Each structure stands twice: as C-alpha cells, then as structure tokens.
Ligand code: ZN
C-alpha cells in the first residue's frame, strides 16, 4: 500500500526559530488553501449568477495573504533562520531549513517588489480581458480582445521589470531578463537563457519528425477509440483506473468540470475533475489518468512539511511531468492496455470488438492540428514552442499585441506546416494570456521532457515496466516516483530534483526517443 508518511511534524527536532517560521507560514499557506477551495467551488459547484459576488470574496482572501507575506515579523524570522546553524537534514545533503528560507524569500521578495496598485491593476484588467476573450473567441474577432490584452501586456511588462534582478546587484553572475520574472512564478529558477537552447534542440528534432509523418501519407484508423460510451460508465471506468494506479479516494475526489484540473488542498484532500465525450472515450480516460498523475504527486507530498514553504510541489513543470508520465508513458502503453482491455470490454459491452493492436495505434496518431488541448503527444510540444517564442518576443519588446495574430499564424506555418483559418482556431484559443498567465506555457513542455526522462530512469532501476503493467502491477513505479520526486516537496529546485532523480540534467533525448519509437511502429518511418 502506497501512502504518504503519516508521521506528524517532530517539532522537538526543530529549532525554535524554525518553529516560528512554520507557525507563521502555516497561516499564509492556509489562506492560500482557502483561495484554492473557493476556486474549486467556482469551477465545480457555484451557481452561474454568483460569480461576481465570489470575485470579491476571493479578492479579500488574496489580499489578506499578501499582507501576511509582507509582515515584518516574517522578514525577521527569515533573517534569523538564515543565520541559524540548524542541521535538520534527515533526507541527507543540504539543510531543509535553508530550502525553507529560499522558498519563503522567493515569495516574500516578489510580494514586496510589486506595488499594490500594480497588483490591483493587473487583477482588474485580467477580469476585463477574460470577459472580452470569451466574446472575442465566440465571435472570432481578435480586435475585441486586443485593447485589453495590450493593457495587460503593458502591466505585466511593468511587473516583470519590478521583479527582474539588475545585473549590478546580483552576486551570482548576470542579471535576469523581464521574461525570467514571469517564468519564475510557475517554474522557480527557470530562465529564458536556460530554456532557449533546450527548446531549440527539441524544435530541431521534432519538426522533421512530424513532417516525415505528414509526408508518409498514412492515415491511422481511429475507430477503436470511437463508439458510444455512456457518461456514467466512463466515470466508473475512470475511477477504476485511478484507483489501480494508486489514487486514494478516501483522501480525494473526482467531479465534473468544463476544464479538467487537479487541486491539492492537503495530501489528504486532493480534488480531481474530468469531462467526457460520449462518442470518444479518450478525452475522459486520458484526462482522468492525467489528473490522477497530478493527484498522486499531491497525495505523496511530505506530510511532515505540510504547510511549510517546502511542503509543496517543486514546480509546475515537475507537476506536469507526473501527469504526463501516467497519461502517456503508462496509460498509452501496450502493457497497460493488456491489463485494462478486459475491464474496458466489461465497462463498454457495446463498444464492439476492440483489439489491442488497433487500439494502441489509435492512441499514437500524430497529426498537426490547430487546437493545443486536442493535440497528440508529439505535436503538442510544437504548440507550446509557438507560444514560448511569442512570449519571449512580447517581453523583449520585439512584438506588439496588434501583430500577434499574424505572428501566431506564421509560426504555425513554420512549426506545424498548417495555417489557422481564423483567430478562434489561432491566437484566441487559450485562456492563459487574457488571465495574465504569461510564462506558464513552457511548463507543459518541461513536464513532457521530464516525464520521458523519469520513465526512462525508472526502467533503468526497475527493468522493463510493461510486463508488470500487463499483470496490473503499477505500484513499483509509483513507489519509485514517491522516493525520487514526491517526498522531496519543494526542497530542491526543479533542475536539481531531475538531476538527482535521473542522474542527468533535463534534455530532449528521452522524449524524442519515445516519440521516434512510436512513430516508427505506427507510421513505419
Ligand atoms: Zn496537467
């Protein structure tokens, strides 16, 4: 049985200064949890007419948390912790307290550098931009969004400049670029300088692979994935798979929502959502496997550090590596379906004769398409590279919002070989930018790269995993992830965590090997 540690915080081993930090941080953390719970409620339960009223409540909770981050007592405690020689290193190597201080300071400094007037302006503009985006997407009309997005980009540039470290005050070498300040929110420590060559390497290898698939002209038969799949049966099948890979429903739940997500309120309270399509089982099943991967990470975070700065995920890229690993490397494998197919046939007796090989092919099609969230495993990353390049240009001042639609379409032409026919299937498809989430997209590809590298490393330790999957044995892989990733929380920065877990820095090799293997088998290239 896999379960996060039940050992409570052994406060007697912590110095009093660390205890004071934990106490103060727990309040900051709890206010964030309240905000998350309100968000979950908004996505799954809230009546349509109540959104405006809820906005004020969420704003109050966020403001209270912001105030607590700027509490002078917290600053004093962090200084005292930094001077403390407390050696709380039960996991070996480095001091946990130093990591607590590093993570806390990151948030405190960010909160201190951005003036409250700017925070408020961004929040208000984001609300307007999101409303405008819904209308613009529906009416296929970018100019409806443009003025709001222009204002938002302007404000985010201001925020990025406020946070970015100028070169002269930095003792660790070189300053940071404005875009780094945006990346750092989601992927602590990530920089444009580090991501650019990594993503360029991926681009150089992935574009020709996708092009070769296009040119081979082979169309994969996707009928094994299509049919009639009643929603209630999809739900029970999804729950069955989530349980089998280790998700504990006594510490979590699954609800319907428009956009699937996972929200970890506590390792004992992890909430997943899903959606379905009645004529294709893939959105529900792979959506549930994806969110369960996130959920397993949340359930496996160290309980003894819960409510402390390192008691959380290392980064969004690491989070996404957990969801992609279970969704793509486990959930789309032959071994997994050797085990799951009989359960599938029981759940959907009307689905017709589905054979393992035909199904496996239908799960590994490669086809350039316009919409990111519907993209296959290979082309998905090209959608992200488009957005990464555009964000870099926007925040370097090389691109203005008015030129965004044309720049978007041009990049789709170059990277995916297709040109969006209209803005709704182009620049207007994602909610991220209207919600001021600049710097978020790269974490999806970082997650895909890390998932492949972790899976490869797990097989180096555990041997070929698919024969075990075929017997329904999914626990050894989860235990491996608990040991290498989950139990460390945010103790190590993401690049270090990956290096410790896999023995090498994050690279595109494992993902490309995985995609090439599948393309060779499905398309014979
Ligand atoms: Zn995800």
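The table that follows gives values for the structure above.
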quantity: Average Cα contact separation per residue, the chain, under 8 Å, 6 or more apart, as relative contact order %; calculated: 20
quantity: Inter-label distance, nm, simple model (7 Å from Cα along the C-beta direction), residue 471/residue 279; calculated: 4.2
quantity: For the range 338-423: relative contact order, % (alpha-carbon pairs under 8 angstrom, 6 or more apart); calculated: 22
quantity: Virtual paramagnetic centre 7 Å along Cα→Cβ of residue 41, amide N under 12 Å, in the range 236-255; calculated: none
quantity: Ranked list, fewest to most other Cβ atoms within 10 Å of each Cβ, for 179, 276; calculated: 276, 179
quantity: Helical contribution to [θ] at 222 nm, DSSP H n ≥ 4, -39,500 (n - 2.57), averaged over the chain, rounded to 500; calculated: -19500 deg cm²/dmol
quantity: Rounded Å value of the spacing that divides the Cα centres of the range 128-161 and the range 335-377; calculated: 38
quantity: Cα-based equivalent ellipsoid, the range 253-328: semi-axes from gyration tensor eigenvalues, Å; calculated: 25, 13, 8
quantity: Residues residue 236 and residue 258, FRET efficiency given R0 of 22 Å [Cβ-Cβ distance, rounded to 0.05]; calculated: 0.55
quantity: Quotient of C-alpha Rg and 2.2 N^0.38 Å, computed over the range 346-481; calculated: 1.37
quantity: DSSP beta bridge pairing in the range 169-275, given as percent antiparallel to the nearest 5; calculated: 45
quantity: Relative contact order computed over the range 391-525 (Cα-Cα under 8 Å; 6+ residues apart), in percent; calculated: 21
quantity: Estimated FRET transfer efficiency (residue 226, residue 141; beta-carbon r; R0 22 Å; 0.05); calculated: 0.10
quantity: For the chain, radius of gyration divided by Kirkwood radius, i.e. Rg to Rh on alpha-carbons; calculated: 0.95
quantity: Zero-based 5 Å bins, Cα pair distances in the range 34-140, whole percents; calculated: 2, 9, 14, 15, 15, 12, 11, 8, 7, 4, 2, 1, 0
quantity: Packing-based exposure ordering (other Cβ within 10 Å, fewest first) of 360, 433; calculated: 360, 433
quantity: Antiparallel content of DSSP bridges confined to the chain, in %, to 5; calculated: 55
quantity: Residue-span extension gain [residue 158 to residue 30] - 0.36 nm each, minus C-alpha spacing; calculated: 43.1 nm
quantity: Burial ranking of peptide ranges 334-342, 284-292 (average Cβ count within 10 Å, highest at the top); calculated: 284-292, 334-342
quantity: Part-to-part distance (alpha-carbon centres) for the range 283-313 and the range 29-43, which is given in Å; calculated: 16
quantity: Square roots of five times the Cα gyration tensor eigenvalues for the range 442-490, Å; calculated: 21, 14, 9
quantity: Mean Cβ count within 10 Å, highest first, over the residues of peptides 99-105, 448-454, 464-470; calculated: 448-454, 99-105, 464-470
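Read the figures in this text as sums done on the coordinates, not as results from a lab. Bear in mind the structure is a predicted one, so any value in this text is a computation, not a measurement. Every residue, glycine among them, receives a Cβ derived from its backbone with ideal geometry; neighbour counts consider all protein chains shown.
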